[in-house]
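Presented below is the structure to which this report refers.
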Amino acid sequence: MPTESMFVAQMARLYLAVPGTVAPADPVIALAAAWKDVGLFKPGSLEWNTDPKFEEVKSHQLRYTARTIQTEDAATTKVELQEWNATNIVAVYGGGEVTSTTTGGKTFYRYTPPKVGGRSQFAAVIELIDGGKHYRRIVPLCEQVAAVNQKFPNDAESTLPLELKVIGGAVGDPWYDLTDDPGFAPVA
């Protein structure tokens, strides 16, 4: 395998926006201001997982499966956010709101998690760069549907664990990639 076909994500970013925000048209164009960079996250924490489900059709006369039928598809992305801010806390807990109040000349902020049935959905762009190769995974619709297990160690930063599940829609692809990597050129 030629080494130019290898990919090492030297830079990775995750952007979130409200669903329906115009997605980038190519892997290098600057994202519109509506896309919010979630900021720093732990090295090695960015994951993408697919989880298709299958049913097997078996026959008494065969020792192996006679046919496999895919019954569903699923995908998630995970990351451990190192930056705490209003955008990140809302994403990590699946919604809610941050409000401010001033008391005695001091401003305080209150985060209220979403009520049951009140979760927010997001659009996401995962950006990966290896030298001159750029990749963007576009997720038009996703939602935080996982439990949040937050740790507060005294010898390292406390991270916000973000896990987003891809939500399929009636229109368009549930996710897709854009890249300028020449290795992806279709075979003639």
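Could you grab the pairs with beta carbons closer than 9 Å, sequence gap of 6+ or different chains, first residue in the range 88-117 and more than 17 Å from Pro161 (Cβ to Cβ) and among the small types (Gly, Ala, Ser), second one open to solvent by 40 Å² or more (accessible area, probe 1.4 Å) and part of a strand (DSSP E or B)? So the pair list comes out as Ser100/Thr107; Ser100/Phe108; Ser100/Tyr109; Ser100/Arg110.
Could you say whether any residue in the range 120-138 is closer than 22 Å to Gln82 by Cα, touching a residue at least 40 places away in the same chain (Cβ under 8 Å) and open to solvent by 70 Å² or more (accessible area, probe 1.4 Å)? Looking for residues that are closer than 22 Å to Gln82 by Cα, touching a residue at least 40 places away in the same chain (Cβ under 8 Å) and open to solvent by 70 Å² or more (accessible area, probe 1.4 Å), one finds at least one in the range 120-138, hence yes.
Would you point out the residue of the range 143-164, among those that are among the small types (Gly, Ala, Ser) and out of contact with any Phe, Trp or Tyr (no Cβ under 8 Å at 6 or more places or on another chain), that is least open to solvent (accessible area, probe 1.4 Å)?
Within the range 143-164, the first condition is being among the small types (Gly, Ala, Ser), and the residues that meet it are 146-147, 156, 158.
With out of contact with any Phe, Trp or Tyr (no Cβ under 8 Å at 6 or more places or on another chain) added as a condition, the list becomes 146-147, 156.
Numbers: Ala146: 26, Ala147: 101, Ala156: 51 Å².
Once the filter is applied, the top-ranked residue is Ala146.
Whenever a residue of the range 49-66 is without any contact (Cβ under 8 Å) to a residue 60 or more places away in the chain, its partners that are in a loop (DSSP other than H, G, I, E, B) and open to solvent by 100 Å² or more (accessible area, probe 1.4 Å), lying with C-beta atoms within less than 8 angstrom and at least six residues away or across chains, give the pairs Thr50/Asp73; Asp51/Asp73; Pro52/Asp73; Lys53/Asp73; Thr65/Lys58; Ala66/Lys58. Scanning the range 43-58 for residues that are open to solvent by less than 70 Å² (accessible area, probe 1.4 Å), more than 21 Å from Asp180 (Cβ to Cβ) and in a loop (DSSP other than H, G, I, E, B) yields Ser45, Pro52. Scanning the range 110-119 for residues being surrounded by fewer than 11 Cβ atoms within 10 Å (Cβ to Cβ) and not charged (D, E, K, R) gives a total of 2. Figure legend. Inter-residue proximity from the range 1-21: first residues on the phi > 0 side of the Ramachandran plot and in contact (Cβ under 8 Å) with a residue 24 or more places away in the chain, second residues surrounded by fewer than 17 Cβ atoms within 10 Å (Cβ to Cβ) and assigned to a loop (DSSP other than H, G, I, E, B), beta-carbon distance below 7 Å, spacing 6+ or different chains. No pairs are indicated.
Residues of the range 1-27 being aromatic (Phe, Trp, Tyr), over 13 Å from Cys142 (Cβ atoms) and outside any loop (DSSP other than H, G, I, E, B), which ones?
Pass one, the range 1-27, residues aromatic (Phe, Trp, Tyr): 7, 15.
Imposing the further condition that a residue be over 13 Å from Cys142 (Cβ atoms) reduces the set to 7.
None - no residue of the range 1-27 is aromatic (Phe, Trp, Tyr), over 13 Å from Cys142 (Cβ atoms) and outside any loop (DSSP other than H, G, I, E, B), so the list stays empty.
For Ile69, are the conditions met, namely being outside any helix (DSSP H, G or I), open to solvent by 70 Å² or more (accessible area, probe 1.4 Å) and within 22 Å of Gly169 (Cα to Cα)? Yes.
The values are calculated or read from the model by the stated rules, or taken from the named source; none is laboratory data. From a predicted model like this one, the values you see are computed outputs, not experimental measurements. Backbone-built Cβ (ideal geometry, glycine too); neighbour counts: all protein chains shown. Remember, those area values only see protein heavy atoms, side chains included, never the ligands or the DNA or RNA. Shrake-Rupley method; radii C 1.70, N 1.55, O 1.52, S 1.80 Å.
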